[in-house]
C-alpha cells in the first residue's frame, strides 16, 4: 500500500501538470479573425485593344478581411487609382491617344489562398464600383465616362509572413463598358484587430 505522503505528492504533481497544459495552450492563441490593412503601388491604365497606349500613376487601397478559413476569405476594399497619359506610348499613326483613370473605387471580393506557411499564393475575384473619370482613346476605341462605372476586380499575389500579414499583388480592375483595365502592382500590410 502506498504511503499517504506519496499519494499527496503524486496528486500535487498531477494537478500541476494538468494546470500547466491549459495555460500553455492558451498562450498559443489562434490568429485574429478580423484584419484591416492597406496597399500602395504603381498604377497602370491599359486599353482592351492591342494599342501600346498606357496611363501610369499611383494606386492606393484599404482592405478589410474576415479570416474564418485559411483557404477562403471574404474581403471588402476601397481605394484610389490616379493615372496620367504616357505620351511616349502613343502609336505614330494616332493623332491623339489617352488612357487614364482618375477614380475612387470600392467593392467586395473573395480570396482563395493555398495556405503554405510563410509564402501563400492567392487569387481574388469580385465586383465593385468606380467613381470618377475614365478615358480610353486609342486608334480603335473612344470611350469616356464621368461618374459611376462597374468594375470586376481580379488579383494574383503572394501573402507572406507567419500570419500572411504582408502582401505583394497584381491588381486589375476591369471596366467592360469603358474598355479599360486599371490597377497596378502593390505591396501591403494587414493587421489583426480582433480574436
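The values are calculated or read from the model by the stated rules, or taken from the named source; none is laboratory data. As the structure is a computational prediction, the values presented were derived from the model and not from experiment. Note that each Cβ is placed from the backbone with ideal geometry, even for glycine, and that neighbours are counted across all protein chains shown.
In table form, for the structure just shown:
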| quantity | calculated |
| --- | --- |
| Unmet criterion (only one of (1) at pLDDT below 95; (2) under 21 Å from the mean Cα position of the chain (by Cα); (3) within 15 Å of residue 176 (Cα to Cα)) for residue 117 | (3) |
| Residue match in the range 169-186 (condition: part of a strand (DSSP E or B), free of Cβ contacts under 8 Å to residues at least 40 places away in the same chain and within 15 Å of the chain's Cα centre (by Cα)) | yes |
| Extreme residue, farthest from the chain's Cα centre (by Cα), among residues of the range 141-168 that are surrounded by fewer than 21 Cβ atoms within 10 Å (Cβ to Cβ) and outside any strand (DSSP E or B) | 141 |
| Residue within the range 56-67 that is farther than 20 Å from residue 188 by Cα and either in contact with a strand residue (DSSP E or B) (Cβ under 8 Å, 6 or more places away or on another chain) or at pLDDT 90 or above (or both) present | no |
| Residues within the range 33-73 that are touching a residue at least 24 places away in the same chain (Cβ under 8 Å) and within 19 Å of residue 122 (Cα to Cα), tallied | 21 |
| Subset of the range 125-140 (residues that are surrounded by fewer than 19 Cβ atoms within 10 Å (Cβ to Cβ) and either within 25 Å of the chain's Cα centre (by Cα) or not assigned by TED's automatic domain parsing to the domain that holds residue 51 (or both)) | 125, 126, 127, 129, 131, 132, 133 |
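For (1) more than 24 Å from residue 37 (Cα to Cα); (2) in contact with a strand residue (DSSP E or B) (Cβ under 6 Å, 6 or more places away or on another chain); (3) at pLDDT below 90, each residue gets a yes or a no:
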{"position": "122", "(1), (2), (3)": "no, yes, no"}
{"position": "128", "(1), (2), (3)": "no, yes, no"}
{"position": "142", "(1), (2), (3)": "yes, no, yes"}
{"position": "146", "(1), (2), (3)": "yes, yes, no"}
{"position": "180", "(1), (2), (3)": "yes, yes, no"}
{"position": "189", "(1), (2), (3)": "no, yes, no"}
{"position": "192", "(1), (2), (3)": "no, yes, no"}
